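Enquirer: Structure below; questions to follow.
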Amino acid sequence: MLNCNKKRLEDKIATFSKFGATNNGGITRLSLSKPALQARAEFSKRMKSLGATIITDDMGNIYATLKGSEDNLPHIAMGSHCDSVVQGGNYDGILGVLTAMEVAETIVTEKVSHRHPITVMIWTNEEGARFDPAMMSSGVITGKFDKEKMLASKDINGITFGEALDQSGYKGEEKNRINPKDYIALVELHIEQGPVLRSKNIDIGVVEGVVGMINYEFQFIGQAGHAGTVPQKMRKDALLAASEAIQYLHKELDKLDDKLVYTTGRIICSPNVHTIIPDNVKFTLDARHQNPKVIQEVVAIIENLPNELAKCKVIYKKLWSRNTVRFNNELINLVEKSSNFYGYSNMKLYSGPGHDAQFAADMLPTTMIFVPSIGGHSHCEIEKTPLDNCLKGANVLLQTILSIDKQ
Ligand SMILES: [Zn+2]
């Protein structure tokens, strides 16, 4: 049974963990920053030494390709992103790149014959932590984002994405973009970023898709006044109204399917002064579920919210939404089969967070493989996936790629 190499994978994780290392064991590796360019250089060096040909496209995405035995067959792609959030961990994104590199290295060193060219990819600016928005390059390639607008996106120092890309040395040609004509599949391995696999002691998440979501903003308009003079009964306290609305929403949303997750992560209280009754409060509600019907039920609950609470006016609006994305059935089955091939425990699940694979799925057959995250921690320095789980993920990726090659 063909296996990836644990020692080599461990070395890859340790090496790349140095690029942007923080003092607390995490990394800050913002897109196209110096540490991100170091990671890209190391990737290119290692892939070249395996005999791969390296090209980049106009968004700086990197493609390192091992030639197949049959000319003119389309590529099979695998990979993820190497940028991180501020004070992020050593696994989000980069593990999908490192396991893909390890799969390529296993194929080369074990002299595994393959018909199709096999391409290891790095996506540019998945996190959107330096240049807004997230999943920028996959968004441009699949026509969801306007390229000129993206090139003009600025970081906090006023440097545009376009300028950073020009200076990076990784700007290539548009014709090099991953596309449905030259590629038959894309597989992205990623950490789960949630606690489910780990809590159930399951090795592999067979990802069926990415959940749909909505994001609403609620506003409560009251009357400001002096905290020491206005009698309680005469107040129009916008914060009290907002808190009643949050209670109402939680009570009602808890009656829906238990796979629904929802969050109020932002609240803005004005004027936010300890001696003034708040007159204007806003909060957001993010709700996610794989079934569009459940999302509709959430919207119905929002629409049933009284238009006056605590004598304050209640307004709401939809900020944005995304539909559930379903990955390619054949590829989902291949991931499950590959996992069973090694005897790894596995379960089907949907991704809560967004990934480049979700945009790519509009363009060509795509799927994802999840590995467990200890404590479900992600986007933080303590983010970790045990080495054994990383290796199991790499093996499933290897077997999935080789199965696609045989078809
Ligand atoms: Zn990621």
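Enquirer: Between Ala134, Ala77, Ala242, find the one with the highest GNM mean-square fluctuation for the chain; connect C-alpha pairs within less than 10 Å.
Expert: Among Ala134, Ala77, Ala242, the largest mean-square fluctuation in the Gaussian network model of the chain belongs to Ala242.
Enquirer: For the chain, give the share of DSSP beta bridges that are antiparallel, in percent and rounded to the nearest 5; count only bridges with both residues there. Numbers along the way, then the final one.
Expert: Details: 47 of 69 bridges.
Bridges in the chain that DSSP calls antiparallel: roughly 70 percent.
Enquirer: So if we plug the beta-carbon distance of Thr15 and Ile221 into 1/(1 + (r/R0)^6) with R0 = 56 Å, what FRET efficiency do we get, rounded to 0.05? Write out the running numbers ahead of the final one.
Expert: Working: r = 55 Å, r/R0 = 0.98.
Given R0 = 56 Å and the Cβ-Cβ separation, E is 0.55.
Enquirer: Same structure again: Give me the net charge of Asn24's neighbourhood, meaning all other residues with Cβ under 12 Å from the Cβ of Asn24; Lys, Arg count +1, Asp, Glu -1.
Expert: -2
Enquirer: Show me 42-55, 245-258 ranked by packing, highest mean number of other Cβ atoms within 10 Å first.
Expert: On the way: 42-55: 16.1, 245-258: 14.1.
Sorting 42-55, 245-258 by mean packing, highest first, produces 42-55, 245-258.
Enquirer: Counting only heavy atoms of the protein chains, get the accessible area per residue of the chain (1.4 Å probe) and round it to a whole Å² value. Can you show the working numbers first?
Expert: Working: 18060 Å² over 407 residues.
About 44 Å² of surface per residue is accessible.
Enquirer: Could you name the aspartates and glutamates whose alpha carbon sits less than 15 Å from that of Lys311, not counting residues in the same chain fewer than 8 places away?
Expert: Asp237, Glu244, Asp279
Enquirer: Using 1/(1 + (r/R0)^6) with R0 = 22 angstrom and r between the beta carbons of Asn157 and Trp320, what's the FRET efficiency to the nearest 0.05? Don't skip to the answer; put the middle values down first.
Expert: On the way: r = 27 Å, r/R0 = 1.22.
Taking R0 as 22 Å, the efficiency between Asn157 and Trp320 is 0.25.
Enquirer: Determine the share of the stretch 280-399's accessible area contributed by carbon and sulfur atoms, expressed in whole percent, with a 1.4 angstrom probe. Provide the component values of the computation, followed by the final result.
Expert: Values: 2470 of 5130 Å².
Ligands and nucleic acids excluded, carbon and sulfur reach 48 percent.
Enquirer: Sticking with this structure for a sec: Stretched out fully, how many nm does the piece from Asp132 to Lys259 gain, at 0.36 nm a residue minus the Cα gap?
Expert: Values: separation 127, 0.36 × 127 = 45.72 nm, distance 2.91 nm.
Between Asp132 and Lys259, full extension yields 42.8 nm more.
Enquirer: May I ask you to derive the relative contact order of the chain, considering only C-alpha pairs under 8 Å and at least 6 residues apart, and to give it as an integer percent?
Expert: Values: 907 pairs, mean separation 94.1, N = 407.
Reported as a whole number, the value is 23 percent.
Enquirer: Under 18 Å from a point placed 7 Å out from the Cα of Asp71 along the Cα-to-Cβ direction: which residues of the stretch 110-130 have their backbone N that close?
Expert: Of the residues in the stretch 110-130, 114-118 have backbone N under 18 Å from the label point off Asp71.
Enquirer: Once you've got the GNM for the chain with C-alpha springs shorter than 10 Å, pick whichever of Thr15, Thr275, Thr119 has the biggest mean-square fluctuation.
Expert: It is Thr275.
Enquirer: With the cut-off at 29 Å, tell me which of the pairs Lys255/Lys282; Lys18/Lys171; Lys251/Lys318; Lys318/Lys384 have Cα atoms farther apart than that. Intermediate results must be reported in sequence, preceding the final value.
Expert: Values: Lys255/Lys282 24 Å; Lys18/Lys171 24 Å; Lys251/Lys318 21 Å; Lys318/Lys384 35 Å.
Check vs 29 Å cut-off fails for Lys318/Lys384.
Enquirer: Something else about it: Mind listing which chymotrypsin sites (Phe, Trp or Tyr not before Pro) in the stretch 89-154 are in a DSSP loop and have 15 or fewer other Cβ atoms within 10 Å?
Expert: Sites meeting the loop and neighbour criteria: none at all.
Enquirer: Using 1/(1 + (r/R0)^6) with R0 = 56 angstrom and r between the beta carbons of Gln232 and Lys7, what's the FRET efficiency to the nearest 0.05? Mind showing how you got there, number by number?
Expert: On the way: r = 68 Å, r/R0 = 1.22.
Result of the calculation: an efficiency of 0.25.
Enquirer: Here is a further query. Could you identify which residue out of Pro365, Pro133, Pro271 has the top mean-square fluctuation in a GNM of the chain using Cα springs shorter than 10 Å?
Expert: Pro271
Enquirer: Of all accessible surface on the stretch 1-154 at a 1.4 Å probe, what whole percent is carbon and sulfur? Can you show the working numbers first?
Expert: Details: 2910 of 5850 Å².
Looking at the stretch 1-154 in its full context, I get 50 percent from C and S.
The values are calculated or read from the model by the stated rules, or taken from the named source; none is laboratory data. As the structure is a computational prediction, the values presented were derived from the model and not from experiment. With ideal geometry, Cβ positions are generated from the backbone for all residues, glycine too; neighbour counts draw on all protein chains shown. Accessible surface is based on the protein model in full, side chains and every heavy atom, while ligands, DNA and RNA are left aside. Shrake-Rupley method; radii C 1.70, N 1.55, O 1.52, S 1.80 Å.
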